[in-house]
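Values in this text are rule-based calculations from the coordinates and carry no lab data. Quick caveat, the model's predicted, so the values are computed rather than measured. Cβ placement follows ideal geometry from the backbone for every residue including glycine, while neighbour counts extend to all protein chains displayed.
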Amino acid sequence: MRVSNLLATKGHEVATISQERSVTDALALLKERGIGALVVTGVTPPLVGIFSERDAVRALASNGEKALQQKVSELMSKDVSTCTESTELNELMTTMTERRIRHVPVIEGGKLVGLISIGDVVKARLEELEHDKTDLLNYVSGR
């Protein structure tokens, strides 16, 4: 299975935020959308970083209340792993596990076309396993 298969089901919408916005703005957007990460946009397309709940927790633990007034660019993760629509799901799972990341932007032709979360990957893998199980049961029962 490829990332394109996940995006065909999930959709291509990606929540973004400007690197100039405050952490308070980012947290409000995360809450409003019920999501765990925002792709951070800036001068360099298609992205300059990613801001996640994990980044917010670390900033609050280190800087306390002052973190809320900081710019997203000061606290975002800048070393962002990306993938393409042709990336295989197993390769993406390996990257997410090894780097301990939960969100991977999908870049195609220099443009942001999606965002895959660890939840998306787990859901797709479970569906794949369920399909395999059904096929095996049908095979052994002669259907």
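Below is a table of values for the structure above.
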| quantity | calculated |
| --- | --- |
| Relative contact order %, the range 1-114, counting alpha carbon pairs below 8 Å whose residues are six or more apart | 31 |
| Net dipole in debye of the chain [+1 Lys, Arg Cβ; -1 Asp, Glu Cβ; about Cα centre; nearest 20] | 280 |
| Candidates Val104, Val14, Val72: whichever shows maximal mean-square fluctuation once the chain is modelled as a Gaussian network with Cα springs under 10 Å | Val14 |
| Longest segment of the chain lacking GluC sites (Glu not before Pro) that sit in a DSSP loop with at most 14 other Cβ atoms within 10 Å | 21-143 |
| Helix 118-140 vs. the chain, principal-axis angle (Cα, 0 to 90°, nearest 10) | 0 |
| FRET efficiency estimate (nearest 0.05) - Cβ-Cβ, Arg100 to Met1, R0 25 angstrom | 0.65 |
| Descending Cα extents along the principal axes, the range 3-140, whole Å | 62, 33, 27 |
